[in-house]
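Report on one structure; see the data block that follows.
The values are calculated or read from the model by the stated rules, or taken from the named source; none is laboratory data. Computed from a predicted model, the values in this text were never measured in an experiment. Because the Cβ atoms are built from the backbone with ideal geometry, glycine has one as well, and the counts that use them run over all protein chains shown.
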Amino acid sequence: MLDDALTLPSYAKINWTLHVLGRRPDNYHELLTIFQTVTLHDRLRFTVRADQHIRIRCDAPDIPVDKTNLIYRAAILLRERYGIGKGATVDLEKHIPAGGGLGGGSSNAAIALIGLAHVWGIEATGSDLAGMGALLGADVPFFFTGGTAEGSGLGTRILPLADVGDLHLLIVTPDVKVLTVEAYKALSAPALTKQSGDIILSSSRTGAQIPDLIQYHLYNDFERVVLRLEPEIERVKNALMMAGARGALLAGSGSSVFGIFDNSEAQERAARRLRAEKGWRVFLCGALRRAEYQDALGPCAHLLERKPVG
């Protein structure tokens, strides 16, 4: 029997490496990145409606709940693709900072496709839903895999990699916004190199544990331009390193920065220090393995993509 209501977590992501390799003929950018799900998450509750309305409710006032929301767009796309005559109310409990480079909107879109497919009784595969997700955003397909994974092309070609080990992370989001389009404009992609990404990819594909490599080979092409555009973000990165992080990196195109710590004591000590900064949101979290990601989705885990590890 189908559930009329369902609650699922919607996890954030970081990028261990993010290389912008150049502009394509269609004016989109070619990427090579290593994604990682982390334990920071939103929660989505899906309730079936007898009418055909799609209603989104959110506890965060800065999140739009109209037709521009990716959850709404995912619901309409799914309903039209499969000819569903029902509606749904989606309640979003928001914890992932909007506009922080942590993939919150993309994760919400992926989980909306998964959750609504379940409560509406749609017979679909993870590949079907991931393909629809690619129409909503370049990061969306990753959330049908989770764990540690390579993204290439627009970021939508996903290859699972060997998961990293236990990592203690801090994510810090200052009160500034970075427009992705402006970050792309500031890049000079032809001059960029993907050497550090190749090092991590090579290690992960052989099943090696990579925390030590991550410490020295974290890389994000956006970082040098975003830190120049927003000095407050550079201050966040410097503060993480001064607080004892083994490495720190801009998340996506910003504005969040994550840091890697040796243990939970160092992580918590740094969190106390950084929370004293006005306007900074500080999140303690860890890397989320693929098996843990699948388990967290419970009855919907079969709607994820299952690809062999590269």
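In the stretch 54-92, what count of residues is obtained for those that are among the small types (Gly, Ala, Ser) and surrounded by fewer than 12 Cβ atoms within 10 Å (Cβ to Cβ)? Walk me through how you get there before you give the answer.
Kept after step one, since they are among the small types (Gly, Ala, Ser), are these residues of the stretch 54-92: 60, 74-75, 83, 85, 87-88.
Then drop every residue that is not surrounded by fewer than 12 Cβ atoms within 10 Å (Cβ to Cβ), which leaves 83, 85.
Counting residues in the stretch 54-92 that are among the small types (Gly, Ala, Ser) and surrounded by fewer than 12 Cβ atoms within 10 Å (Cβ to Cβ) gives 2.
Just a yes or no: is a residue in the stretch 35-44 at pLDDT 95 or above, farther than 26 Å from Glu223 by Cα and assigned by TED's automatic domain parsing to the domain that holds Leu154?
Let us first name the residues in the stretch 35-44 that are at pLDDT 95 or above, namely 35-44.
Pick out the ones that are also farther than 26 Å from Glu223 by Cα and you get 43-44.
Of the ones still in play, those that are also assigned by TED's automatic domain parsing to the domain that holds Leu154 are 43-44.
Checked against the condition, which is being at pLDDT 95 or above, farther than 26 Å from Glu223 by Cα and assigned by TED's automatic domain parsing to the domain that holds Leu154, the stretch 35-44 yields at least one hit.
Check Leu77, Leu6, Leu21, Leu40 and return the single one that is under 14 Å from Asn108 (Cβ atoms) and touching a strand residue (DSSP E or B) at 6+ places or on another chain (Cβ under 9 Å).
Values: Leu77 fails: touching a strand residue (DSSP E or B) at 6+ places or on another chain (Cβ under 9 Å); Leu6 fails: under 14 Å from Asn108 (Cβ atoms); Leu21 fails: under 14 Å from Asn108 (Cβ atoms).
From the options Leu77, Leu6, Leu21, Leu40, the qualifying one is Leu40.
Since Asp66 meets every condition but one in (1) at pLDDT below 95; (2) farther than 27 Å from Gly298 by Cα, which condition does it not meet?
Here Asp66 meets the rest and fails (1).
Of everything in the stretch 169-188, what is crowded, with 22+ Cβ neighbours inside 10 Å and not in a loop (DSSP other than H, G, I, E, B)? Give them in sequence order.
Matches in the stretch 169-188: Leu170, Ile171, Val172, Thr173, Ala183.
Tell me, which residue of the stretch 93-104 that is more than 22 Å from Thr145 (Cβ to Cβ) and touching a residue at least 40 places away in the same chain (Cβ under 8 Å) is surrounded by the fewest Cβ atoms within 10 Å (Cβ to Cβ)?
Step one: of the stretch 93-104, the residues more than 22 Å from Thr145 (Cβ to Cβ) are 93-94, 97-99.
When the remaining residues are screened for being touching a residue at least 40 places away in the same chain (Cβ under 8 Å), the result is 93-94, 97, 99.
On the way: Glu93: 16, Lys94: 18, Pro97: 23, Gly99: 19.
Within the stretch 93-104, the match that is surrounded by the fewest Cβ atoms within 10 Å (Cβ to Cβ) is Glu93.
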